[in-house]
Each structure stands twice: as structure tokens, then as C-alpha cells.
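Trainee: So that we are looking at the same thing, I have put the structure below in C-alpha cells.
The values are calculated or read from the model by the stated rules, or taken from the named source; none is laboratory data. Just so we're clear, the structure is a prediction, and the values are computed from it rather than from any experiment. Positions of Cβ are generated from backbone atoms using ideal geometry, with glycine treated the same way; all protein chains shown enter the neighbour counts.
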Amino acid sequence: MSSRRRVSSLFARGEPMVWLTGAALVVCLLMIAGLLTIVIYNGASTFWPKPLTQLTTHHGKTYLGEESQNEDYNPATAAVADWVPAKKRPAPEASVRRRMYRTGNYEVFNTHFTWLSDYEIAEEFEPRWGIVVERQEWGRFYGKPHAFHVDGKPVANEPAAVWARFEELHESVRARREAAGELNDNDLNDHENDARLERTSARLKDGADSDEWREADKVLQSVRKRAEEERIAIRRKTQAMQAENDRYELIVMMADGETKALKLADIVRAYLPNQLSLGEKWGVYLSRWGEFLSDNPREANSEGGVFPAIFGTIIMTLIMSILVVPFGVLAALYLREYAKQGTLVSIVRIAVNNLAGVPSIVFGVFGLGFFCYFVGVGIDDLLFPARVAENTPTFGKGGILWASLTLALLTLPVVIMATEEAISAVPHSMREGSYACGASKWQTIRKIVLPRAAPGIMTGMILAIARGAGEVAPLMLVGAVKLAPDLPMDGSFPFVHPERSFMHLGFHIYDLGFQSPNSKAAEPMVFTTTMLLIGIVVLLNLVALWVRARLRRQFEAG
Amino acid sequence: MLQQKTIQPEIDMITHQEDRLGGVFDAVKRDDTFPTAVHDALHQEDAVIEVNDFDLWYGAKRALYSVSLVVPRRKVTALIGPSGCGKSTLLRSVNRMNDLISTVRIKGDMVLNGDSIYDPGTDVIELRKRIGMVFQKPNPFPMSIRENVVYSLRIDGVRDRGVLEEVCEQSLRAVGLWDEVHDRLEDSALRLSGGQQQRLCIARAIAGEPEVMLLDEPCSALDPIATQRIEDLIHELQGRYSILMVTHNMQQASRASDYTAFMYLGRLVEFGPTEEIFLKPHLKETEDYVTGRFG
């Protein structure tokens, strides 16, 4: 009897439950903290300039590069025998450290990375004049400044003098290159496209060889001619600029003594990592972040920036929110306020809740089938028959509008559920008060129920943003692409292009991590991009939270 | 079928001490209606609302048994009775708040200043605009104090700032809230204290210029000091507004009302001037209730 009482009193006091619940919370917090630590540590350190190391093996081969990772492993005995003189060999089965160096110079070595075991290395040091050159193409180049050529003739031979020349000229050469790039006028292509579409329209409407077609053809030919003339003029100008740029070359000597001439115009950034002060390191770090946030990607997305992806993610999330919130709120209002509560409404409610559990790729398939191939093709047939005839669909393919709509559908259940909850939490007494004042049902909903439920509706929107901004799978089917330098909003008429494909950070991460031809080099970018995506989702959420807090303050007592 | 019975002034004749027992308990036992004992003074009053043989059911449960009464113009009428006697149901039937409950059925009619309340052609929204209502728990809307007061004007689409300002000030002055809140009309009404909220709700009802005001136990959620203020306010409104008030509190009924109606289990038992109901009621049941012998 007494022992039974003791058992029940232990559970009654709830001691074990405190520990159990506490432990569950701790596990959750540890997982979240671990995830954030890994992402932020790896992501934030990507752009920090690392020292350059020169290594010589026992065989006399030299390497120059940045250490990118290290690990302990058991080398095969045969391999050890191959590297090391007999007396220096490690004990068999001994664990040895090996390091991976990013050695760059891809066009020479055909690889970006080299593994080097500690036992292989006879000598290592950090050369004072080691230079890292980030290039427009082919990735990084490592070496020593050897000479500076103007018009093919050396004007400097000492590393210090070469570096001084480089610093003096690099900025103006880059500016010239950029100016030449901006001369390429997209409007020319647009005009030509428009004229060609006019001709196709004329063919579809009045038949080939009709008078209208001939008229349109004449216009097209004249547009083409004018465009061609203008292009030649532009080419002449850019060629002059390029010729000026091509005069300058940086000659870099690789670790093995070979030299390579690098055109100054192709160099994005160069620095001497082993001579940098802390302040200069920060300068390189921040300039890389600046490039990352504001530039277009290059080198199969593994270098350069992710600006189009940031832009695409934010715009898509905003369009999605604008679409999903009104729809969700209206649907929830009908379910809660107008529909007669009964079996049918319960079934609808269960169905909506279950919709939230449908795998997102299913929504992607639906979006592709319904929005792109049905609605989009319908719009194209109706509005752009000429483009269909030229086999360049406008809406009948993936685009940011269809992606936003698909995600709106995906997040709709979340908004409906949150809104329903918020509406049903509005005190009955407030509605009664409103009715007693002679308000109609709609007036009561608009003036009492909706304002009062607004913070709860915002909660639904926050959840929708969190889910929508991070979704990738359906986007692959309805419009996210690997590279889309044309933003869905820009300066060319009509300024907003809802039909355009777009880049998305989530898809960008997938692409970097799994689709990149050089996935090892892209790995740090995966973490940085992930960090950025988390940051953007957090930022969007903070804005929504701030709005919700403002709304709440309005209704809080005291 | 139910036997229809009308107000029987003859019941006034039953004043003999011996057979003052009106037979309410008998009527309850038989599940039958009960003829109300109506005092003479009421016949001289001008009715703002007339309730004629009003029955009401919640599903299968009958809540009102052929209730008939007149609400005198510019007087305060209190409905008293034990819990579940149908006071609130009767009150909420006047502005058809019971329409919001789908299981409610009614029979009979009420008349507001000559217009039928339950006629199928009556516009409920228009009707409610003519009747002000204050609830048991203060229910200010989630908006500013000013917007709360002028709510009924807003839903009528009044946009003239001058009119809104004036109505707001007048209504707040009428409930004695103006001095307390005139410098923070834009604040959320939910930040006011419970008593202030209830006076705000009364101001909101007054702003709609109602023909009659319904107060459903307006003090039951308030502390004694706030209750005192509301009672004083009801006193001040006396003579200006026609008020029908439900109260649990007998002292409140005796202090604040001109007429008192005693209800018991869905029947209106006795209806007369407050003084008479409390000091010399016609029926023994009323006396037992007001002296606290049951209820």
C-alpha cells in the first residue's frame, strides 16, 4: 500500500516530466544552434583571404595554393613508398594528415585542387610575393608577379614594380571593359524582334506573300539594316576599347617556373595575400561580399555574385504573399463566417488541412500542367500568336508569375488555417456589439472581425513566407533556372515581366552543390548562399513580425 | 395548442392577504402560461415597446411563456428574476439578437413605436439602429475611443468630421467620460478600465439616438465603485431615454428603476411601479423573491 502511494506521488509531482520535456527542448535547441553554427561559420569564412603556401615534395614538384581542408587518413603503403625516402616513412597503418590545396590555374593543371600528404612534403613556406588572381573565366590563378607588359614589351620586371603597375592601371582597364559592355544595346535586338513578330503576325493574319506581309517584311528589312549599321558602329567602338585594354598584360610565374600572360581586362581582382595587413584583408573580404551581393554569377555560378537570385527570391516571395493572403483570408472568411457549420464544412476543412501535407513537388507538377501548359498556352494563343508560330512561348513556359502562383497554392492551407483560427478567436461579444449597433454582417466582418484578426492573419503570412521562400522542388518545374541574367523587373518596357524565368537562391544552392562541374570549388559558395537565404527569410519574417507587433499594440489593453 | 391569454387587469383585484398566492408554481407545474399581475399605474403610461403574447423556444426548450408587457416611454424599467427566468432572452428578443442563434423559434410579436418588430417585412438592421444595447460584459471594439463612439454613424456612412466630432463629444459628455478621455480619443478603447469601457459602450448606444435602450446586466462585470457610477448614470439618463434593463441585483432595481417586472421560469409574474413591487407587491411569489426568501 505504502509503496504504491510513493510511486503515484512521484508521478504526481511530475519530476520525470520536467526532465523529459526539458531534455526535448535542449535537443531541439542544440540542433538549431548546430545548424546555424555550421552554416554561418562556413558561409562567413568563404570570402576571407587565406595565406598562399608554396610546397615542394620529395620528388621536387612544387605547388602554390590556399589550404581549403585537411583530414587524417591511412595512406596505402605503396603510395607512401612512392613519395618518401625509406628512412622517413611512417609506420605502416599510421594515421597521417593530408591537406587539400586549391591550386587553381585550371587551364594548365586541369584541376582546381590537389591533395598533399604531410609525408610527401619536403618544404613549405609562404612566399612573400605570392599573388591570387581572380579572373573573369577559368577561376583563380596563383603565382608570383613576374613582369608587366604594355604592347607586348616588358615595362616592369621586379615583383614590386609589377604590382605597382598593376594597381595603377587595373581600375581604369576594368572601367573601360565595363563601359564597352554597356555599349551593347539590347534595344536593337528588341526592335528587330518586334519587327520580325509583326511580320509573323501579318503572315498568320493575311497569309504569306500578302500585301501586309510584304509591307511588314519591308519594315523588318529596314530595321535589320539600321540595326546592323548601328551594331557595326558599336563594334567599332568596343573593339577600339578592347584593343586599348589588350595592350596591358600581367605576366605571372607559376610555382614550377613557367609563366603565363593574363590580360588585365580579364582580372576581376588580384591581391598579395601574404602581404596583406588586417585592414586590407577586411577590404578584400568586403569587396568580395559586395561582388557576391550585387553581381551576376560567372563560371557556372560558382563565382561572381547572386544578385539575380536574391532579386528573384524576394520578388517571387512578395508576389506569392500578395496572391495568397487575400485568397486565403476570403476562403477562411467564407468557411468561418458564412458557411453553415456542418459535415460538408468539416470535410472541406479537413481537405484543406491535408493539402498542407501534400509533397511540394506535386504542386510543382500541377503548376506546370495547369498554369504553364494550360493557362499560359491559352494566353499565348490568344495574345501572342506570332510568338507561338516562332516557337518562343511567352506565358506557356515556366515564369515568375506561375512560380508565385504555384507557391501561393502551396501555402494557401497555412494561411486559411491561421486566418480561421484568428477569426474564431475574435470575441463573440464584439460581434454582438456590432450587430446591436445595426451593422450588417459584412460591416461587422470588415470593421471588427478583420482588424481584430489581423495579427493572426499576419502569423499565417509569416508561416507562408517561411515555407514559400525556402521551397525549391516545385520551382524547378515552373520557372526557376540556373542562369537568368534578365531580371523579372527592369528598365525595358513594360518594366515588369511576369513571364520571365528567374533565379532563386534555394535552386541556386541545389545547382551549386549538385550540378556544378566544379562542385568542390563551389562548396564554400553553397554555405555562403545558404547563409544568405536564411538571412533573407529571417529578414522577410522580421518585417512581418514588426507589422504584426504594430497591429497587436493597437488591440492590447493597458 | 397553447391557450392564448392576454393581460388581465382583473388580477389587480386579488389583493386579499389570504389568497395572494398567484399560482405561478401551479402554472409551471402544468407547463402553462401565467396571467401577469399588472399594476394600475402602468395603464397611464405611453408605451415605447409593446410585447404581445411573446413565446420563444431554444430548440425544444421553451424559454418564454406568452409574455406581454409595455415598456413606458422615458422611464427606466427593470427586469428582475432568478437565473434562467428569461430576462435576458426577453431583452435580446427586442432587438432580435436571438436571430443570431439558429435554433431559436418565436411566436407572437413586439411593437416598437407602432412598427412591428417581428413582421417578415421588417429590416432587422434598420430596427437595430433604432435600439441601443449595452451588454453584460463591456465590449468596446478594437479601435480608437472616438471610432467606438461614432461606430453607428460610421456604418451609416457619415463622413462629415464636424458631425462626428459633435456626436462624439455629446455622447461622451452624456456618460461623464468626456473629461476623462477627451485628450486621448485616438487611444485604443481597450486600454480603458472596465467601468470606463462600460460607460463608453453606453455612449456608443446613445450616439445612435436610439428610441429605446436595452441594458443587459450592465454592472455585473464591474467592481462596486464602477457599478455606482453606472447606476448614477442610469439615474441621469432617466427621463431622457426609455430604458429596459435586466438586473440580478435587487438593490439596483430598487434604486435605479421606475418600473420593475418580475419574471419567473419564462413567465412575467408581476409588473408595476418599483416602489409597489418592492414594498407592497400583489403576489406572494413576488414578495418572497424581493425579500430574498427564494431565488
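Trainee: Just one of the numbered conditions (1) surrounded by 21 or more Cβ atoms within 10 Å (Cβ to Cβ); (2) within 14 Å of chain B (Cβ to nearest Cβ); (3) modelled with pLDDT under 90 is not true of A:Ala453; which one?
Mentor: (3)
Trainee: Would you confirm, using the coordinates I've provided, whether B:Arg229 is in contact with a helix residue (DSSP H, G or I) (Cβ under 8 Å, 6 or more places away or on another chain) and of a type in the set (Lys, Arg)? Before you say what the answer is, go through the steps one by one.
Mentor: Numbers: in contact with a helix residue (DSSP H, G or I) (Cβ under 8 Å, 6 or more places away or on another chain): yes; of a type in the set (Lys, Arg): yes.
Against the criterion (in contact with a helix residue (DSSP H, G or I) (Cβ under 8 Å, 6 or more places away or on another chain) and of a type in the set (Lys, Arg)), B:Arg229 qualifies.
Trainee: Oh, and also: Pick from B:Arg154, B:Arg74: which is in contact (Cβ under 8 Å) with a residue 12 or more places away in the chain and of a type in the set (Lys, Arg)?
Mentor: Of B:Arg154, B:Arg74, the one residue that is in contact (Cβ under 8 Å) with a residue 12 or more places away in the chain and of a type in the set (Lys, Arg) is B:Arg74.
Trainee: Hey, can you tell me all the residues within the stretch B:202-223 that are away from every other protein chain (no Cβ under 14 Å) and farther than 22 Å from B:Pro82 by Cβ? I'd like the intermediate steps shown before the answer.
Mentor: Quick first cut of the stretch B:202-223, residues away from every other protein chain (no Cβ under 14 Å) only: B:219, B:222-223.
Answer for the stretch B:202-223, where residues must be away from every other protein chain (no Cβ under 14 Å) and farther than 22 Å from B:Pro82 by Cβ: just B:Asp223.
Trainee: Just one of A:Ala484, A:Ala521 is small (Gly, Ala, Ser), touching a residue at least 60 places away in the same chain (Cβ under 8 Å), away from every other protein chain (no Cβ under 14 Å) and surrounded by fewer than 22 Cβ atoms within 10 Å (Cβ to Cβ); which is it?
Mentor: A:Ala484
Trainee: Oh, and also: Specify which of the listed residues (B:Ala60, B:Ala78) is more than 15 Å from the chain's Cα centre (by Cα) and on the phi < 0 side of the Ramachandran plot. Write out each step before concluding.
Mentor: Values: B:Ala78 fails: more than 15 Å from the chain's Cα centre (by Cα).
From the options B:Ala60, B:Ala78, the qualifying one is B:Ala60.
Trainee: Go through the residues of the stretch A:410-426 one by one and say whether even a single one is buried (at least 19 other Cβ atoms within 10 Å of the Cβ), more than 20 Å from A:Ala549 (Cα to Cα), among the charged types (D, E, K, R) and in contact (Cβ under 8 Å) with a residue 24 or more places away in the chain.
Mentor: no
Trainee: Turning to a different aspect of this structure: Please work out which residue is nearest to B:Ser242 (Cα to Cα), limiting yourself to the stretch B:141-153 and to residues that are surrounded by 23 or more Cβ atoms within 10 Å (Cβ to Cβ) and at the interface with chain A (Cβ under 8 Å from one of its Cβ atoms).
Mentor: Residue satisfying both the conditions and the ranking: B:Ser152.
Trainee: Additional query: For the stretch B:141-255, which helices (runs of 4 or more DSSP H) that fit wholly inside it have 1 or more residues that are out of contact with any strand residue (DSSP E or B) (no Cβ under 9 Å at 6 or more places or on another chain) and assigned by TED's automatic domain parsing to the domain that holds B:Glu276? Give the steps one after another, and end with the answer.
Mentor: Values: elements: B:145-149, B:151-155, B:161-174, B:178-181, B:194-207, B:224-237.
Answer list for the stretch B:141-255: B:224-237.
Trainee: Mind listing whichever residues of the stretch A:436-446 are over 15 Å from B:Pro138 (Cα atoms) and either at pLDDT 95 or above or facing another protein chain (nearest Cβ under 7 Å) (or both)? It would help to see each step written out before you state the result.
Mentor: So in the stretch A:436-446, the residues over 15 Å from B:Pro138 (Cα atoms) come out as A:438-446.
Result: A:Gly438, A:Ala439, A:Ser440, A:Gln443.
Trainee: Report whether or not B:Ile101 is in contact with a strand residue (DSSP E or B) (Cβ under 8 Å, 6 or more places away or on another chain), within 14 Å of chain A (Cβ to nearest Cβ) and surrounded by fewer than 20 Cβ atoms within 10 Å (Cβ to Cβ). If you could, list the steps in order and put the result at the bottom.
Mentor: Numbers: in contact with a strand residue (DSSP E or B) (Cβ under 8 Å, 6 or more places away or on another chain): yes; within 14 Å of chain A (Cβ to nearest Cβ): yes; surrounded by fewer than 20 Cβ atoms within 10 Å (Cβ to Cβ): yes.
Here the answer is yes, as B:Ile101 does meet what is asked.
Trainee: Looking only at the stretch A:225-245, which residues are without any contact (Cβ under 8 Å) to a residue 40 or more places away in the chain and loosely packed, with under 15 Cβ neighbours inside 10 Å?
Mentor: Taking the stretch A:225-245 first, the residues without any contact (Cβ under 8 Å) to a residue 40 or more places away in the chain are A:225-229, A:232-233, A:235-236, A:239-240, A:243.
Residues satisfying the conditions are A:Lys225, A:Arg226, A:Glu228, A:Glu229, A:Ile232, A:Ala233, A:Arg235, A:Arg236, A:Gln239, A:Ala240, A:Ala243.
Trainee: State whether the residues of the stretch A:340-351 include one that is part of a helix (DSSP H, G or I), at pLDDT below 90 and on the phi < 0 side of the Ramachandran plot.
Mentor: Taking every residue of the stretch A:340-351 in turn, none turns out to be part of a helix (DSSP H, G or I), at pLDDT below 90 and on the phi < 0 side of the Ramachandran plot.
Trainee: Taking the condition farther than 11 Å from A:Val478 by Cβ, under 30 Å from the mean Cα position of the chain (by Cα) and among the small types (Gly, Ala, Ser), does A:Ala408 pass? Even if it seems obvious, please write down each step before you answer.
Mentor: Details: farther than 11 Å from A:Val478 by Cβ: yes; under 30 Å from the mean Cα position of the chain (by Cα): yes; among the small types (Gly, Ala, Ser): yes.
Against the criterion (farther than 11 Å from A:Val478 by Cβ, under 30 Å from the mean Cα position of the chain (by Cα) and among the small types (Gly, Ala, Ser)), A:Ala408 qualifies.
Trainee: Which of the residues belonging to the stretch A:391-412 are outside any loop (DSSP other than H, G, I, E, B) and either within 14 Å of chain B (Cβ to nearest Cβ) or closer than 30 Å to A:Asp194 by Cβ (or both)? Give the derivation first.
Mentor: Quick first cut of the stretch A:391-412, residues outside any loop (DSSP other than H, G, I, E, B) only: A:400-412.
A:Ile400, A:Leu401, A:Trp402, A:Ala403, A:Ser404, A:Leu405 - these are the residues of the stretch A:391-412 that are outside any loop (DSSP other than H, G, I, E, B) and either within 14 Å of chain B (Cβ to nearest Cβ) or closer than 30 Å to A:Asp194 by Cβ (or both).
Trainee: Among the residues of the stretch A:413-435, which ones are more than 10 Å from every other protein chain (Cβ to nearest Cβ) and under 21 Å from A:Arg552 (Cα atoms)?
Mentor: Step one: filter the stretch A:413-435 for residues more than 10 Å from every other protein chain (Cβ to nearest Cβ), giving A:413-425.
Listed by number, the residues that qualify are A:Val414, A:Val415, A:Ile416, A:Met417, A:Ala418, A:Thr419, A:Glu420, A:Glu421, A:Ala422, A:Ile423, A:Ser424, A:Ala425.
Trainee: Right, another one. Pick from B:Glu186, B:Glu166: which is free of Cβ contacts under 8 Å to residues at least 24 places away in the same chain and more than 27 Å from B:Glu45 (Cβ to Cβ)? Write out each step before concluding.
Mentor: Values: B:Glu186 fails: free of Cβ contacts under 8 Å to residues at least 24 places away in the same chain.
On inspection, the qualifying residue turns out to be B:Glu166.
Trainee: Any residue in the stretch A:302-309 that is assigned to a helix (DSSP H, G or I) and polar (S, T, N, Q)?
Mentor: If we filter the stretch A:302-309 for residues that are assigned to a helix (DSSP H, G or I), which is where we start, we get A:307-309.
Adding the requirement that they be polar (S, T, N, Q) leaves none.
Looking through the stretch A:302-309, none of the residues is assigned to a helix (DSSP H, G or I) and polar (S, T, N, Q).
Trainee: Identify, from the list A:Leu10, A:Leu35, A:Leu20, A:Leu25, the residue that is outside the structural domain of A:Ala79 (by TED's automatic domain parsing) and modelled with pLDDT under 90.
Mentor: Details: A:Leu35 fails: modelled with pLDDT under 90; A:Leu20 fails: modelled with pLDDT under 90; A:Leu25 fails: modelled with pLDDT under 90.
On inspection, the qualifying residue turns out to be A:Leu10.
Trainee: In this structure, does A:Val388 turn out to be free of Cβ contacts under 8 Å to residues at least 12 places away in the same chain, in a helix (DSSP H, G or I), more than 14 Å from chain B (Cβ to nearest Cβ) and touching a helix residue (DSSP H, G or I) at 6+ places or on another chain (Cβ under 6 Å)? Outline the logic, then answer.
Mentor: On the way: free of Cβ contacts under 8 Å to residues at least 12 places away in the same chain: yes; in a helix (DSSP H, G or I): yes; more than 14 Å from chain B (Cβ to nearest Cβ): yes; touching a helix residue (DSSP H, G or I) at 6+ places or on another chain (Cβ under 6 Å): yes.
It is true that A:Val388 is free of Cβ contacts under 8 Å to residues at least 12 places away in the same chain, in a helix (DSSP H, G or I), more than 14 Å from chain B (Cβ to nearest Cβ) and touching a helix residue (DSSP H, G or I) at 6+ places or on another chain (Cβ under 6 Å).
Trainee: Restricting to strands (runs of 3 or more DSSP E) lying wholly in the stretch B:50-129: which have 2 or more residues that are modelled with pLDDT of 90 or more and more than 17 Å from B:Thr36 (Cα to Cα)? Break it down stepwise before answering.
Mentor: Values: elements: B:61-72, B:76-80, B:104-112.
Here the list reads B:61-72, B:104-112.
Quick grid of which residues meet (1) β-branched (Val, Ile, Thr); (2) closer than 30 Å to A:Pro159 by Cβ:
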site: A:Ala216; (1), (2): no, no
site: A:Val219; (1), (2): yes, no
site: A:Glu229; (1), (2): no, no
site: A:Ile232; (1), (2): yes, no
site: A:Arg236; (1), (2): no, no
site: A:Gln242; (1), (2): no, yes
site: A:Tyr248; (1), (2): no, yes
site: A:Met253; (1), (2): no, yes
site: A:Lys263; (1), (2): no, yes
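Trainee: Would you check if B:Thr77 is over 30 Å from B:Arg191 (Cα atoms), touching a strand residue (DSSP E or B) at 6+ places or on another chain (Cβ under 7 Å) and not assigned by TED's automatic domain parsing to the domain that holds B:Val269? Even if it seems obvious, please write down each step before you answer.
Mentor: Working: over 30 Å from B:Arg191 (Cα atoms): yes; touching a strand residue (DSSP E or B) at 6+ places or on another chain (Cβ under 7 Å): yes; not assigned by TED's automatic domain parsing to the domain that holds B:Val269: no.
It is false that B:Thr77 is over 30 Å from B:Arg191 (Cα atoms), touching a strand residue (DSSP E or B) at 6+ places or on another chain (Cβ under 7 Å) and not assigned by TED's automatic domain parsing to the domain that holds B:Val269.
Trainee: So, in the stretch B:168-201, of the ones that are acidic (Asp, Glu) and farther than 20 Å from A:Met430 by Cβ, which residue ends up farthest from the other protein chains (Cβ to nearest Cβ)?
Mentor: Let us first name the residues in the stretch B:168-201 that are acidic (Asp, Glu), namely B:169, B:179-180, B:183, B:186-187.
Checking the rest, the ones that are also farther than 20 Å from A:Met430 by Cβ come to B:169, B:179-180, B:183.
Working: B:Glu169: 19, B:Asp179: 21, B:Glu180: 16, B:Asp183: 18 Å.
Across the stretch B:168-201, the extreme among qualifying residues is B:Asp179.
Trainee: Report yes if B:Gly132 is of a type outside the set (Phe, Trp, Tyr), in a strand (DSSP E or B) and facing chain A (nearest Cβ under 8 Å), otherwise no.
Mentor: Here the answer is yes, as B:Gly132 does meet what is asked.
Trainee: Working only within the stretch B:111-136, note down all residues that are buried (at least 20 other Cβ atoms within 10 Å of the Cβ) and among the aromatic types (Phe, Trp, Tyr).
Mentor: B:Phe135
Trainee: Against the conditions (1) within 14 Å of another protein chain (Cβ to nearest Cβ); (2) crowded, with 20+ Cβ neighbours inside 10 Å; (3) aliphatic (A, V, I, L, M), where does A:Val478 fall short? Just the number, please.
Mentor: (1)
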